[in-house]
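Just below is one structure, and these are the notes that go with it.
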Amino acid sequence: MRGFSGLFLLLLLLSPFASSFADETRPAGGPEIWLLTYGPGEIYWQRFGHNALWVRDPGRGLDHAFNFGFFDFEQEDFFLRFLQGRMLYFSAARPAQKEFAAYIDENRGIRAQKLNLTGEQAHRLAAYLVDDVRPENRDYLYDYYRNNCSTRVRDAIDLALDGALNRATADVAAEQSWRDHTRRLTQADFWLYLGLEIVLGAHVDRPGSRWGEMFIPSELADVAAGFALERGGRQEPLVVEDVVLHAATSPLPPASPSAWWPRYLLASLALLAASWAVCRWVAPRLGPLLARGWLILAGLAGFALLFFWFGTDHAVAANNLNLQIINPLWLVLG
């Protein structure tokens, strides 16, 4: 990832359009800015979808997607930073067709929305994006819900709109909580779903705002599609074109999380009943071993939850009510 990014940065910073975006004598007409939204992928970090900003300015030879979602497994202390909740992501730009080909190859849908920006707003946004991919600016401290690829695209658009997007959505109640979105987007992957359900604390259940809900790329796309701008005493839509560049063949995630808890409850009761029957009539000596194994496993898992709460920067792991069930004190009994 860093290879193509470094090459393009060199070309970008030396090219004429890099300086022209900062030039006060720039022409009135601005570049086209498109909001790109990519559907979910198969890998666990792709489950939430993705997005980018596509800048098209043929006069300056610019036809690139600016993407805030890159990370590098070879980064120093990558896995330690991941464990600590201090992951560094970086922004980069690459030719739009190369960007599209990568997502099409992963069978991910591509939605493009042309933004209704004035020439000045488009120039400002393009200049911000060009500056953001400079080596000294591109790295940022990633947060799953508050500072991710989608929130940075949201913030860039809001910058171009002089804060209008934030003013219109910051006090509007979210349609779903962070946990609801997490559930609906991960429920197709049982182990990912289960792990997040266990690790996430009460913070993700708090009532949120529509602004905060745009950590999900598809939510940002939907808000943009329905957003109206005030210009000259009349309202204009923020999105003037909304097209599907590629339709994925995989099914879309549900609009809301499925009520799966009855299934899990029945499965747990069935497993408990089967274990009791085996220990009661087939292998009586197995019962104490199973009980002790469960207490040890639950106790160790409880220590892990405490570590994520107090020993890392994973703020969403705080106030975890699962500690009432998965508790380190079980080790004393085990």
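The values are calculated or read from the model by the stated rules, or taken from the named source; none is laboratory data. Source: prediction; values computed, not measured. A quick note on method: Cβ atoms are made from the backbone with ideal geometry, for glycine too, and the neighbour counts reach across all protein chains shown.
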Subject >> Residue in the stretch 274-281 that is over 30 Å from residue 147 (Cβ atoms) and of a type in the set (Ser, Thr, Tyr) present >> reply: yes
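Of all residues in the stretch 102-138, which are within 23 Å of residue 43 (Cα to Cα) and not hydroxyl-bearing (Ser, Thr, Tyr)?
Hits for the stretch 102-138 are 102, 104, 105, 106, 107, 108, 109, 110, 111, 112.
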Subject >> residue 72 vs. criteria within 18 Å of the chain's Cα centre (by Cα) and at pLDDT below 95 >> reply: yes
Original post:
Quick check: is even one residue across the stretch 162-176 under 24 Å from residue 88 (Cβ atoms) and outside any loop (DSSP other than H, G, I, E, B)?
Top reply: no
**OP:** Would you list the helices (runs of 4 or more DSSP H) that sit entirely within the stretch 22-140 and hold 2 or more residues that are out of contact with any strand residue (DSSP E or B) (no Cβ under 6 Å at 6 or more places or on another chain) and over 30 Å from residue 317 (Cα atoms)?
**Re:** 96-105, 119-132
**OP:** Could you pull out the residue among 287, 299, 293 that is touching a Leu at 6+ places or on another chain (Cβ under 8 Å), surrounded by 11 or more Cβ atoms within 10 Å (Cβ to Cβ) and in a helix (DSSP H, G or I)?
**Re:** 299
**OP:** For residue 220, state whether it is touching a helix residue (DSSP H, G or I) at 6+ places or on another chain (Cβ under 9 Å), at negative phi, assigned to a strand (DSSP E or B) and outside the structural domain of residue 309 (by TED's automatic domain parsing).
**Re:** no
